[in-house]
Amino acid sequence: MDAIKQEIESLRTRLTHYAKQYYVYDTSEISDFEYDALFRRLQELEAAHPEYDDPNSPTRRVGGRVLDKFEKITHRVQMGSLSDVFSFEELHDFLDRVAAEVPDAVYSVEPKIDGLSVALTYENGNFSFGATRGDGFVGENVSENLRTIATIPLTLPEPLTFCVRGEVYMPREVFNSLNAVREREGKPLLANPRNAAAGSLRQLDSKITASRKLDIFVFNLQWGDLYADRSNPDSHFEILDRLHELGFHVLTDRIRASDYDAIRAHIEALGARRDALSYDIDGAVVKLDSIAKRAVVGEGTTTPKWAAAYKYPPERKETKLVDIAIQVGRTGVLTPTAVLEPVRLAGTTVTRATLHNIDNIRDKDIRIGDTVVLQKAGDIIPEVVESLPAKRTGAEIVYEMPTHCPACGSPVVRDEDMAAVRCPNELCPAKRSRAIAHFASKAAMNIDGLGPQIIDLLLDRGLIENAADLYKLRVEDLRDLDRMGDKSAQNLVDAIERSKRAGLERLIFALGIRQVGEVAARTIAEKYKTLDACFDATVESLCEIDDIGQITAESIAEFFARPESRALCDALKAAGVLTESIAAPKGDRLAGLTFVITGTLPTMKRDEASARILQNGGKVSGSVSKKTSYLLAGEDAGSKLTKAKELNIPILTEAEFLAMLDQA
Ligand SMILES: [Zn+2]
């Protein structure tokens, strides 16, 4: 073996050992500084010698490869679920049922981590792959991401082959600091550590996962042998002990017990400590400890009969409701939110809670200044369960919903039979993201590659404020977004450019006017022919169109009467978006020809010229290439003119273009 290879392997062994001591056994045998120095040395050697690559090298902990998608993995042993019990009576019944089959039953009682279940498969002592639970039968291969979790051993001290199941979770401390950063950046907060862990584990870029500092508790042996020379112990409890010995982070706080009182006492003790733990638990699991006896008790239709999950009731706390704030959601619904005196609840500091809607506030008689009871259960956002009128001082204020949208000032409307109060303004800034996503959608302007995620990033960075701003985006603006890169950025710019010629009917649909679907948009485009004409349309003339009733007509007229609509449509037109109907070509004189238009034409606007080309069966392109038939150039033509000259593309003036159209 050459010296380099030897050094690499020695470094890997040492780093693996130190990391295991630190993360799994809580002991440091080496300073952080020394560890970092060894780690860097290994990184350098691996970079210089890719021939000694190993997917289980400790350097893989920091993440690396970016995937296109996750591969599906069929679990060799199903990753099942347990039946829940919600009271100690139900727990007692469960124990009686097991005792009927196994009189001397011994149980393992352990916390139930509120995380994300994964299966880790090892072959000959090496981490081979890991998968999410999925539907229990088929999960996704998230090996790259699992490798970044410091407490998952990548190599075992013995060449064993087996599969374990564990719960990946995000420590509360990590969750809280992640949310603190998101709050500073004005991003929506993550609901709870479990969702955050799930989102982190499903990142295609494992570097992001690595930054999330996930952890795992291993709680079950799925299949395989834990010893090279003897069989597995017939005890779940001892199996976990053995897994810990092999370097896994296994559940702590577990006991073995056989009688109801001891089991109940441990469950209650775990529940009482819940707040102080560094991770979320949502229950306690009681399992028959003997693997052999589990077979005697057997399986139910969907869950085993030898185990039960006791679910803790949601935690409740009292605090003071200081104010009620209004949030305008993406659909324009105004949601009242309680602003609270900070209180610790289920491991996180809660300062806000949802009040759902005004009817809920009235039903529960919640007033500003009230002492209220909060509850947080699972992934539910904290909610106000009730107010405590007995604690009132008389200074409390009865709340009324605002009459105007706090985001845009439009008068709000309350839908018939619905508790929701809504901002009716299609162009309300609170609804921008959704409005732009609709604008770009396939049936509307059909801008390929402009999904909600990209739109949110563009809005967050202030690159766009409305749909018209899309047409100002340049490749430079886009390439760093979401690791898009030059090619995707160029494709998106091209798609946006192409959408300019989507036509009036798509444009009307894209504006997102309430009640106006694709069919109504088409009939409006047919009748009015230009967007400008739509602004003059009256409710009466709109009602003359088949399929357009009074309500739709009013909604359309209302939309076009708003100054924001005028501003948006003017901006779209100025950007070069075709605002005329291209319903049917009037001729085929230009069939097979592709035009590029540049500069300012003497009499025609560019979108008019586009419309004429399309009406005559021609095509319009945004950029000059060898496929361009003609460049229609006006004054101040720039790079497109230069390019056309280089490629010897014929250049037309407006007069020549019009003459071409007039030819028989
Ligand atoms: Zn509004």
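The values are calculated or read from the model by the stated rules, or taken from the named source; none is laboratory data. Source: prediction; values computed, not measured. Here the Cβ is made from the backbone with ideal geometry for all residues, glycine too, and neighbour counts use every protein chain on show.
Asp547 falls short on exactly one of the conditions (1) in the same structural domain as Arg501 (by TED's automatic domain parsing); (2) part of a helix (DSSP H, G or I); (3) touching a helix residue (DSSP H, G or I) at 6+ places or on another chain (Cβ under 9 Å), and that condition is (2).
No other residue among Glu540, Glu544 is touching a Lys or Arg at 6+ places or on another chain (Cβ under 9 Å), acidic (Asp, Glu) and surrounded by fewer than 21 Cβ atoms within 10 Å (Cβ to Cβ) apart from Glu544. When Tyr122, Tyr107 are checked against the criterion of being hydroxyl-bearing (Ser, Thr, Tyr), under 16 Å from Ile73 (Cα atoms) and modelled with pLDDT of 95 or more, Tyr122 stands alone in meeting it. Of all the residues in region 462-485, those that are modelled with pLDDT of 85 or more and loosely packed, with under 14 Cβ neighbours inside 10 Å number 5. Among the residues in region 401-421, are any among the charged types (D, E, K, R) and in contact (Cβ under 8 Å) with a residue 40 or more places away in the chain? For region 401-421, residues among the charged types (D, E, K, R) and in contact (Cβ under 8 Å) with a residue 40 or more places away in the chain: absent. Please determine whether any residue of region 342-351 is touching a helix residue (DSSP H, G or I) at 6+ places or on another chain (Cβ under 6 Å) and surrounded by fewer than 17 Cβ atoms within 10 Å (Cβ to Cβ). Checking region 342-351: not a single residue is touching a helix residue (DSSP H, G or I) at 6+ places or on another chain (Cβ under 6 Å) and surrounded by fewer than 17 Cβ atoms within 10 Å (Cβ to Cβ).
Within region 1-53, the set of residues being loosely packed, with under 13 Cβ neighbours inside 10 Å and hydrophobic (A, V, I, L, M, F, W, C) comprises Met1, Ala3, Phe33, Ala37, Ala47, Ala48.
Somewhere in region 257-265, is a residue within 29 Å of Ala19 (Cα to Cα) and not assigned by TED's automatic domain parsing to the domain that holds Glu386? So far as region 257-265 goes, no, none of its residues is within 29 Å of Ala19 (Cα to Cα) and not assigned by TED's automatic domain parsing to the domain that holds Glu386.
Pick from region 425-457 the residues that are among the β-branched types (Val, Ile, Thr) and more than 16 Å from the ligand (Cβ to nearest atom): which of them is farthest from Val412 (Cα to Cα)? Write out each step before concluding.
Looking only at region 425-457, we keep the residues that are among the β-branched types (Val, Ile, Thr), and these are 436, 447, 454-455.
In the following step, the residues that additionally are more than 16 Å from the ligand (Cβ to nearest atom) were identified as 447, 454-455.
On the way: Ile447: 31, Ile454: 29, Ile455: 26 Å.
Taking the candidates together, the pick is Ile447.
Look through region 382-398, keep the residues that are of a type in the set (Gly, Ala, Ser) and free of Cβ contacts under 8 Å to residues at least 40 places away in the same chain, and return whichever of them is farthest from the ligand (Cβ to nearest atom). Residue satisfying both the conditions and the ranking: Ala390. Within region 399-412, the set of residues being surrounded by 14 or more Cβ atoms within 10 Å (Cβ to Cβ) and more than 11 Å from the ligand (Cβ to nearest atom) comprises Tyr399, Met401. If you check Ala435, Ala443, Ala495 for being at pLDDT 90 or above and assigned by TED's automatic domain parsing to the domain that holds Lys573, only one passes: Ala495.
Among the conditions (1) surrounded by fewer than 20 Cβ atoms within 10 Å (Cβ to Cβ); (2) within 23 Å of the chain's Cα centre (by Cα); (3) within 16 Å of the ligand (Cβ to nearest atom); (4) among the β-branched types (Val, Ile, Thr), the only one that Val328 does not satisfy is (1). Scan region 285-301 for residues that are part of a strand (DSSP E or B) and at pLDDT below 95 and jot them down. Correct list: Glu299 only. Taken as a whole, the structure places Glu654 among residues that are among the acidic types (Asp, Glu) and more than 19 Å from Lys573 (Cα to Cα). Put simply, of Ser625, Ser610 the only residue that is assigned to a loop (DSSP other than H, G, I, E, B) and of a type in the set (Ser, Thr, Tyr) is Ser625.
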